[in-house]
1. For the range 37-173, just run the numbers: alpha carbon Rg, then divide by 2.2 N^0.38 Å, N being how many residues it has.
2. Please list, by residue number, everything in the range 155-174 whose backbone N is under 11 Å from a paramagnetic label point 7 Å out along Cα→Cβ of residue 66.
3. For the range 84-98, take each phi angle, set θ = phi - 60°, evaluate the Karplus expression 6.51 cos²θ - 1.76 cosθ + 1.60, and give the result in whole Hz per residue in order, putting x for glycine and proline.
4. Mind putting a number on the dipole of the chain about its Cα centre? Charges go on the C-beta only, +1 for Lys and Arg and -1 for Asp and Glu, and I need it in Debye to the nearest 20.
5. Ordering 141, 149 by accessible area with a probe of 1.4 Å, largest first, what comes out?
6. Dipole of the chain (Lys/Arg Cβ +1, Asp/Glu Cβ -1, origin at the Cα centre): which of 46, 215, 145 lies farthest to the positive side?
7. Could you name the lysines whose alpha carbon sits less than 16 Å from that of residue 112, not counting residues in the same chain fewer than 8 places away?
8. Using a Debye calculation, one point per C-alpha and no hydration shell, please list log10 I(q)/I(0) for the range 160-237 at q = 0.22, 0.27 Å⁻¹ in order.
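The values are calculated or read from the model by the stated rules, or taken from the named source; none is laboratory data. Keep in mind that this is a model prediction, so the values were computed, not measured. As a convention, Cβ positions derive from the backbone with ideal geometry for all residues, glycine included, and neighbour counts pool all protein chains shown. Heads up: the accessible areas ignore ligands, DNA and RNA and are worked out on the full protein's heavy atoms, side chains in. Shrake-Rupley method; radii C 1.70, N 1.55, O 1.52, S 1.80 Å.
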Amino acid sequence: MSTKDTVALLAGGVLVVSLIGGSKSSPATAASPLSNTSGTLPGLAPITKDADKASARALIKGLRVKGRGPKTGYERTRYGDNWADTATDVPYARNGCRTRDDLLARDGHDVKYRQGSRCEIVSLRLTDPYTGRTIDWRKEHADEIQVDHVIPLAYGWRMGTPRWSMAKRVDFANDPLNLLPVDGAANEQKDGSGPAGWLPPQRRIRCAYVTRFAQVARKYDLPVTREDKDTMLAQCR
């Protein structure tokens with residue numbers, strides 16, 4: 001399968017949707033984070049079943065806790081160039097497309113590409129997991145959809161990423177597990193906050209959101225604050 005194919009689970013089978021040129025049909029329904037540990041399936045589906053909430057709480061309980069450090073020395077470039085295709089050890093890495101376009105293609109419906117390009121997306125429809133609104137997006141209004149780092153880069157900096165290698169920071173910044181295309185205004189409200197400071201306005205998605213936050217923290221062995229951990233557990237009762 002080409003690195004520009006998306007694999008979506010649909011009705012127990014596998015649907016391969018080519019992203020090469022033209023447009024892409026609608027992807028599968030948003031996936032639960034519990035069944036999407038690679039981050040390559042689209043969206044963020046609510047966690048509603050008691051057994052799944054128990055699994056989410058177990059994941060969150062295993063996170064390390066530490067106090068938040070200073071933001072001294074933080075710059076976006078500490079994680080590499082913005083959306084450059086330079087990561088080495090995450091899905092979509094070095095496939096020739098900018099990370100932002102990879103994520104728009106993963107989550108968007110009715111995706112259309114610039115003529116002659118297999119990467120540059122010019123329009124799509126997105127169901128925003130944070131607010132629940134449907135966004136008909138055009139590239140000339142690019143900021144209406146922003147690709148959120150579920151664990152913000154500034155948060156990561158304050159929790160220990162300055163001690164990481166540059167290669168690990170670049171992976172963290174471009175890992176699809178840590179990335180969600182969302183409503184731009186909601187993302188700007190979130191800024192660099194952890195769950196104790198910000199949660200998605202759409203309450204039904206909050207357990208799924210903190211589960212994804214926990215998955216990223218666990219994958220990269222990144223601690224969270226005590227307040228954030230307590231808030232995360234409270235969303236999945």
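1. On the way: Rg = 17.1 Å, N = 137, 2.2 N^0.38 = 14.3 Å.
Relative to the 2.2 N^0.38 Å estimate, the range 37-173 comes out at 1.20.
2. Within reach of a label on residue 66, which here means backbone N under 11 Å from a point 7 Å along Cα→Cβ, the range 155-174 contributes 157-164.
3. Coupling constants for the range 84-98: 5, 8, 10, 5, 10, 9, 9, x, 6, 4, 6, 9, x, 10, 5 Hz.
4. On the way: 37 positive and 27 negative charges, 153 e Å.
That gives the chain a dipole magnitude of about 740 debye.
5. Working: 141 115, 149 20 Å².
So, going from the largest accessible area down, we get 141, 149.
6. Of 46, 215, 145, it is 215.
7. Candidates past the 8-residue exclusion: 4, 24, 139.
8. The Debye formula, applied to the Cα set alone, gives -1.17, -1.48.
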